[in-house]
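The values are calculated or read from the model by the stated rules, or taken from the named source; none is laboratory data. None of the values given here were measured: they were computed from a predicted structure. Cβ: placed from backbone, ideal geometry, glycine included. Neighbour counts: every protein chain shown.
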């Protein structure tokens, strides 16, 4: 087991009280697995991605554990986490532009980063990896502003995986890119895993169609909890949670025309996480809801590798 | 679309205002600065009403040290230093409000127009701003004061206002520039709203905290410049001000005669008011800028 | 109704405006009443610039945009034009002034266009428009933008446009910031408005969203049209290699990228491979009725578009 998250709870502090962005999340990611983490805004997927590497100032670790390769990560302790960042867990952020210092040449940034982690510069290895993502070595002599969005994203991917971390978190890495660049970046992510540069990967995204292209398993979050986790193919073709089902049937596929087939959205809105209701949080929008939904359904395994948090999913 | 989930949805605007107030009341710098300014303002407003004679009247014994009757003592000629001090505070606040206010008005007019219009208008206004900015303002004031003569505090405030606006204009221009390209400005244009209205109703409210801080800095600046002018003898020929008191004290060798009560109150008053304003400004910055907040 | 004729936009960049940046070059198409035209392109294709030019937010460098036969540059006041043509933009949150309540966008219209309508009647109209976009007036009126969701805000902006009894709506990437489950509602809403006779220019980077609602498609690349035609034709039979690559890059739920790798390789250039007689528009050849495509950048076409531009000038 590469990554095991048990009962993780992370809250946001606000003046109106704690927002329960992650409310008891339990799952695991196996060695060599690419897990897609999908959900709408406010579902807690970004919070989960960040929790595994760095809590920002307003986030508070309330409960639960994160274990990576048998070692418990001190996620609530920013200083103690430093020893694990880049070496064991690494992150590719959404906006590569803001991750790179615009006044430094890429090469200098890389050697500074390596030095700060106590690793010597390995130019040959670096060049090999740049080549792997389709960049030539002279990007090292350029400034971030001289690169296109897709190139920058790939540079950041190379930098964040230089120390062969066990787990890579890719946070919405493709959402700021054009469709054609998206595809290249998505492929590179798979390549990293296939070559063993990273053991496992969590790809955070709002785009199920895209993550389905690269992930082995997909986890869907709703209102701070996990709704469903399943092999990518199964989740897309045979979803069991009503939320996943409605979400997938609301996606217009290329070629579907309004006249031929009018798709429907999901009426209603997710509950506020300041004071979330007891029981299943999708209850108010769910067509299948019944009395028992007032009780929180467990995240149970209904088929091999297929977990669902719904009473009606057996 | 997937940024920190709760953050955007949990900070509605009334809450933003309440939040600002919440932090304002807990910000020591802001509260301390405000208390000092308010105490002096109260002295300037109420003080003169409690005194039956004018600040320059010869009412008591000459060179008397502070006593129960004359709290701050008297001058070499028997004028009441306390009376001069409270009247002087009055004119200090007046110069600050008028001079700082005028500079803020010009700065806003120039900054908003240049920033919103852009293009040629911006280039011309920018050129004028830069010219006024590089003029050694104090020298110009000296020359103007010396030749034209300054009789009243109003005229002095006018001179100060006309020379101290450029940095404010530049700052406001930069802010306007970044707000101008926001979608809600486009939407107002699509609603047929005219430019001046867009500036006043859409852009200015978004930088109100910024404008407020600009005014505070201009206010403090005007007080300082006025005091400097008064001290070197280019102050208003009528009335009394803290700077004029310092000037008189220096002229009649108060320091050498050991009459500390003549120059300490005005000097301390100017330092306290201007210092408190700047401290307030730092505090305000912390209140409005979440990054500087100490949680 | 709306017609673009050889529209170009040149930005001056660099010191003293020495360098020229062609954001849009020689684009022509039209939008009729009751028709959705989707304008598809990636970032830098000039699609948003086109939308802004149609809304008179950015001046046109050359060519003409006409609305009901009148050049929009010649209009005396933009106010009358905005009564008929409105826009909705990508980011619903930035369209609202964060300092004020969200329903101020309606008050702004009342002040400018209907100052004499009684408050009660206006409120009725606003509520009607809100119900028209399937919002509950009680839920959205009197709230601040942050208290509402992106989908609600975006629908309020559409309601705002509808209040002016507009005839053309420029929808610039209006659903790309919305969550999947509310996206489809906004798309369906556009389809309903079209049924009521509204012409819509639907600007997007997403081919699948474009095909869902539109009657005709215009594909833009680097500021010029590479392919245009009825949506079903463009989608079923994409002629230009760029359109094909866009289609292939769209992630799909029921097909993996790896499975459709076999690309037929070289295809004839849709422009230079076509018979001379089919080249009925400048730079575009008509392959099927109404379905046009530009040169794929083949050897024969190298330098040709430039020559064409010169001939016209």
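Those strands (runs of 3 or more DSSP E) of region C:1-98 in which 1 or more residues are closer than 24 Å to residue B:180 by Cα occupy C:2-13, C:19-31, C:85-88. Within region B:80-118, the set of residues being crowded, with 24+ Cβ neighbours inside 10 Å and outside any helix (DSSP H, G or I) comprises just one member, B:80. For region A:173-204, the candidate set comprises residues that are under 12 Å from the mean Cα position of the chain (by Cα) and more than 10 Å from chain C (Cβ to nearest Cβ); within that set, the residue that is surrounded by the fewest Cβ atoms within 10 Å (Cβ to Cβ) is A:200.
Residues checked against (1) within 14 Å of another protein chain (Cβ to nearest Cβ); (2) at pLDDT 85 or above; (3) in contact with a helix residue (DSSP H, G or I) (Cβ under 7 Å, 6 or more places away or on another chain):
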| site | (1), (2), (3) |
| --- | --- |
| B:113 | no, yes, yes |
| B:139 | no, no, no |
| B:143 | no, no, no |
| B:163 | no, yes, yes |
| B:179 | yes, yes, yes |
| B:184 | yes, yes, yes |
| B:198 | yes, yes, yes |
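The residues on offer are B:259, B:207, B:245, and the sole one that is away from chain C (no Cβ under 14 Å), more than 30 Å from residue B:148 (Cα to Cα) and either under 19 Å from the mean Cα position of the chain (by Cα) or surrounded by 21 or more Cβ atoms within 10 Å (Cβ to Cβ) (or both) is B:259. For region C:192-201, does any single residue satisfy the condition of being part of a helix (DSSP H, G or I), touching a helix residue (DSSP H, G or I) at 6+ places or on another chain (Cβ under 8 Å) and within 8 Å of chain A (Cβ to nearest Cβ)? Scanning region C:192-201, I find no residue that is part of a helix (DSSP H, G or I), touching a helix residue (DSSP H, G or I) at 6+ places or on another chain (Cβ under 8 Å) and within 8 Å of chain A (Cβ to nearest Cβ), so the answer is no.
Any residue that is more than 8 Å from chain A (Cβ to nearest Cβ) and out of contact with any strand residue (DSSP E or B) (no Cβ under 8 Å at 6 or more places or on another chain) - is there at least one of those in region C:230-242? Looking for residues that are more than 8 Å from chain A (Cβ to nearest Cβ) and out of contact with any strand residue (DSSP E or B) (no Cβ under 8 Å at 6 or more places or on another chain), one finds at least one in region C:230-242, hence yes.
Does residue C:112 satisfy the criteria of being away from chain A (no Cβ under 14 Å), free of Cβ contacts under 8 Å to residues at least 24 places away in the same chain and surrounded by fewer than 24 Cβ atoms within 10 Å (Cβ to Cβ)? No.
Of all residues in region A:69-112, those that are within 14 Å of chain B (Cβ to nearest Cβ) and over 17 Å from the mean Cα position of the chain (by Cα) total 1.
When C:142, C:128, C:138 are checked against the criterion of being surrounded by fewer than 18 Cβ atoms within 10 Å (Cβ to Cβ) and under 23 Å from residue C:191 (Cβ atoms), C:128 stands alone in meeting it. Is at least one residue of region A:254-264 within 29 Å of residue A:299 (Cα to Cα), buried (at least 18 other Cβ atoms within 10 Å of the Cβ) and in contact (Cβ under 8 Å) with a residue 12 or more places away in the chain? Checking region A:254-264: not a single residue is within 29 Å of residue A:299 (Cα to Cα), buried (at least 18 other Cβ atoms within 10 Å of the Cβ) and in contact (Cβ under 8 Å) with a residue 12 or more places away in the chain. Only one of the numbered conditions (1) farther than 27 Å from residue B:155 by Cβ; (2) surrounded by fewer than 22 Cβ atoms within 10 Å (Cβ to Cβ); (3) without any contact (Cβ under 8 Å) to a residue 24 or more places away in the chain is violated by residue B:76, and that is (3). Only residues that are closer than 25 Å to residue A:285 by Cα and surrounded by 22 or more Cβ atoms within 10 Å (Cβ to Cβ) were counted in region C:160-184, giving 9. The residues on offer are C:246, C:220, C:164, C:209, and the sole one that is more than 9 Å from chain A (Cβ to nearest Cβ) and either within 28 Å of residue C:6 (Cα to Cα) or in contact with a helix residue (DSSP H, G or I) (Cβ under 6 Å, 6 or more places away or on another chain) (or both) is C:220. Considering every residue within region B:221-229, establish whether at least one is farther than 30 Å from residue B:57 by Cβ, at pLDDT 80 or above and assigned to a helix (DSSP H, G or I). Within region B:221-229, one or more residues are farther than 30 Å from residue B:57 by Cβ, at pLDDT 80 or above and assigned to a helix (DSSP H, G or I).
Taking the criterion of being part of a helix (DSSP H, G or I) and surrounded by 21 or more Cβ atoms within 10 Å (Cβ to Cβ), the residues of region B:185-197 that qualify are B:185, B:187, B:188, B:190. Under the condition of being more than 13 Å from chain C (Cβ to nearest Cβ) and either part of a loop (DSSP other than H, G, I, E, B) or in contact with a strand residue (DSSP E or B) (Cβ under 8 Å, 6 or more places away or on another chain) (or both), the residues counted in region A:241-285 number 9.
Filtered by the rule that a residue be under 23 Å from residue A:177 (Cβ atoms) and touching a residue at least 40 places away in the same chain (Cβ under 8 Å), region A:105-143 gives A:106, A:109, A:110, A:129, A:132, A:133, A:134, A:143. Checking the stated criteria, residue B:126 turns out not to satisfy the condition of being modelled with pLDDT under 85, part of a helix (DSSP H, G or I) and within 30 Å of residue B:228 (Cβ to Cβ).
No other residue among C:93, C:67 is touching a residue at least 24 places away in the same chain (Cβ under 8 Å) and within 9 Å of another protein chain (Cβ to nearest Cβ) apart from C:93. Residues that are out of contact with any helix residue (DSSP H, G or I) (no Cβ under 8 Å at 6 or more places or on another chain), crowded, with 20+ Cβ neighbours inside 10 Å and more than 14 Å from chain B (Cβ to nearest Cβ) within region A:34-68 comprise A:35, A:52, A:68, listed in sequence order. Among the residues of region C:249-303, those that are surrounded by 14 or more Cβ atoms within 10 Å (Cβ to Cβ), part of a helix (DSSP H, G or I) and at pLDDT below 80 comprise C:257, C:278, C:301.
The lone criterion from (1) touching a residue at least 60 places away in the same chain (Cβ under 8 Å); (2) under 25 Å from residue B:117 (Cβ atoms); (3) within 12 Å of another protein chain (Cβ to nearest Cβ) left unmet by residue C:50 is number (3). State whether one or more residues within region C:133-141 are in a helix (DSSP H, G or I), modelled with pLDDT under 90 and either within 12 Å of chain B (Cβ to nearest Cβ) or touching a strand residue (DSSP E or B) at 6+ places or on another chain (Cβ under 8 Å) (or both). No, every residue in region C:133-141 fails to be in a helix (DSSP H, G or I), modelled with pLDDT under 90 and either within 12 Å of chain B (Cβ to nearest Cβ) or touching a strand residue (DSSP E or B) at 6+ places or on another chain (Cβ under 8 Å) (or both). When residue A:218 is tested against (1) more than 8 Å from chain C (Cβ to nearest Cβ); (2) not in a strand (DSSP E or B), exactly one condition is not met: (2). Here is the figure for region A:290-310: residues that are surrounded by 18 or more Cβ atoms within 10 Å (Cβ to Cβ), touching a helix residue (DSSP H, G or I) at 6+ places or on another chain (Cβ under 9 Å) and in a loop (DSSP other than H, G, I, E, B) total 2. Within region C:56-64, is even one residue within 12 Å of chain B (Cβ to nearest Cβ), surrounded by fewer than 19 Cβ atoms within 10 Å (Cβ to Cβ) and more than 15 Å from residue B:193 (Cα to Cα)? Yes, region C:56-64 contains a residue that is within 12 Å of chain B (Cβ to nearest Cβ), surrounded by fewer than 19 Cβ atoms within 10 Å (Cβ to Cβ) and more than 15 Å from residue B:193 (Cα to Cα).
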